[in-house]
1. Once amide H atoms are placed 1.01 Å from N in the peptide plane, what residues at a sequence separation of 5 or more from Met442, or on another chain, have their amide H within under 5 Å of its amide H?
2. Between the range 81-158 and the range 404-418, how far is it from one alpha carbon centroid to the other, in angstrom?
3. Can you pull a Stokes-Einstein diffusion coefficient for the range 123-265 at 37 °C (0.692 mPa s), Rh from Kirkwood over Cα pairs, as a whole number of µm²/s?
4. Of the GluC sites (Glu not before Pro) in the range 74-172, which ones lie in a loop per DSSP and count no more than 15 other C-beta atoms within 10 Å?
5. Enumerate the amide H contacts of Ser183 below 5 Å, restricted to partners 5 or more residues apart or on another chain; note that Pro and chain-start residues carry no placed amide H.
6. Radius of gyration and Dmax for the chain's Cα atoms, expressed in Å?
7. Karplus couplings for the range 224-231 from phi (6.51 cos²θ - 1.76 cosθ + 1.60, θ = phi - 60°), rounded to Hz, Gly and Pro as x?
8. Of the GluC sites (Glu not before Pro) in the range 414-474, which ones lie in a loop per DSSP and count no more than 15 other C-beta atoms within 10 Å?
Amino acid sequence: MYNDNPTLDGVEKKIDEAKQGEVFYQDAGEEGGKKFYIESYGCQMNFSDSEIVASILGEAGFSPTRNMEASDLILINTCSIREKAELTVRKRLRIFDKVKQQRPGMLVGVLGCMAERLKKKFLDEEKLVDIVVGPDAYRDLPTLVAGAEDGNKGVNVFLSREETYADISPMRLDSNGVSAFISIMRGCDNMCSFCVVPYTRGRERSRNAFTIVAEATNLVERGYKEVTLLGQNVDSYKWENPETKEKVTFAELLVMVAEVSPELRVRFSTSHPKDITDEVLYAIRDYENICKYIHLPVQSGNSRILKKMNRTYDRPWYEQKVDRIYEIIPDCAISSDIITGFCTETEEEHKDSLSIINYAKYSMSYMFFYSERPGTLAERKYEDDIPLEVKKRRLSEIIELQNNISRSENLKDIGKTFKVLIEGDSKRSDLDFKGRNSQNKMVIFPKKEGLKAGDYTYVKVTESNSATLKGEIV
Ligand code: SAH
Ligand code: SF4
Ligand code: F3S
């Protein structure tokens, strides 16, 4: 099986796992006050945004609940990246409709990328929807909700050039108390021809570096051990201090966050190959707590297709980047996103995507077949001419090869000892812990008295498969 949604799969799993752990927000239950229920789809940015939304609603007197039937407001934070992501949202809306019929006065709000893409059309297409709010308009939610309570359906899909929600302290939803996301930038100024994100998230802007460090510091004080710095294109982070005019680059920001505490692991996502600099690689090399893992989506291994995708690099250039990463950080893991069956892709060009997996030795990849998105450059200029069966067959070939590479790369880890951050009980057995090494690989190992989620331990790998390493504490 392939994942339909890149980060959704990873994050959904993470959140699912987190539910077994300690809960950091109080479920309002049946008692007093108005309650909201929120579901998130799409990338990590959306999950992070939902925590901002929760905080804004918290200030307005709402409290979160996991019980949809007991809520006064159902929110769905949506994704538009592929057609399937939007279909999932439509299906959820049918379910909300049933709940709403049992609970007069309940409101339904659509947030995120699909809200931004469809705007007011949402209200015409989906009668049950009361409010539609785009990614830059969440501060307006309390006002829109109040309006909807008075019977006025509301839409705010204004895209901002400034909004970064810098001052908002996210309410950590479904947290395991170990790892948290920190949003460092919003929007995207790249124009990859297949991608809807620039239209749904607007122009790129970077968040005040000091508020990012403050958020990391606060998380450390609350016992968190890992942060992931989030943006569509983190390497183009650039923030200018309005007072001193000093500029902070992504490499500098990484170091600032790493220096918050040596006990805090720092991860980041996503890197655009064209923007990742040697300074970023040196920071990863020089700081033990900056994880040796880079998600570096290639999209295609063929230069002609890359040009058509408007990725701004070609295959030799990408290969050089990979070489440079392994040269500076020999123990770094690299992962990727790959699209099969983009407009006009030939069998030969598809083979180039297979061979780039071999070349880069990705630890894993998120793999998709091309899904045409309304309004994108590709939709306007190119014909979506690869038959669905061909797209899917190419996808299965890519998945098979990636699994083989992951398996053989993981075999090389047998006998090695890794520092692992314990995330909680393994899914399969509560006699085992699960955690990750710096390379972001999942490690399963028997528990030891005195250790708990959030602790570091050293594990020697004794077994592995394409997805996980197994071992013992040493
Ligand atoms: N900003 C990130 C990507 C965010 S979208 C980056 O540039 O790497 C996550 C992934 O979804 C992309 O990397 C791409 O592989 C995939 N994707 C985006 N648009 C798609 C489409 N129209 N069809 C199929 N996959 C798509
Ligand atoms: Fe989409 Fe490209 Fe921006 Fe990534 S960099 S969000 S793929 S336009
Ligand atoms: Fe989806 Fe929007 Fe993220 S389209 S992948 S939720 S930026």
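1. It is Leu469, by chain and number.
2. With the range 81-158 and the range 404-418 each reduced to a Cα centre, they are spaced 45 Å.
3. Working: Rh = 17.1 Å.
Taking Rh from Cα pairs, D becomes 192 µm²/s.
4. Working: sites: Glu83, Glu86, Glu116, Glu125, Glu126, Glu149, Glu162, Glu163; in loops: Glu126, Glu162, Glu163.
Those that pass, being in a loop and sparsely packed, are Glu162.
5. Long-range HN contacts for Ser183: Leu230.
6. Rg then Dmax for the chain, in Å: 22.2, 65.
7. Rounded to whole hertz, the list is 5, 10, 8, 10, 10, 7, 10, x.
8. Sparse-neighbourhood loop GluC sites (Glu not before Pro): Glu449.
The values are calculated or read from the model by the stated rules, or taken from the named source; none is laboratory data. None of the values given here were measured: they were computed from a predicted structure. No Cβ is skipped: glycine too gets one built from the backbone with ideal geometry, and neighbour counts run over all protein chains shown. These area figures cover heavy atoms from the full protein model, side chains too; ligands, DNA and RNA do not enter into them. Shrake-Rupley method; radii C 1.70, N 1.55, O 1.52, S 1.80 Å.
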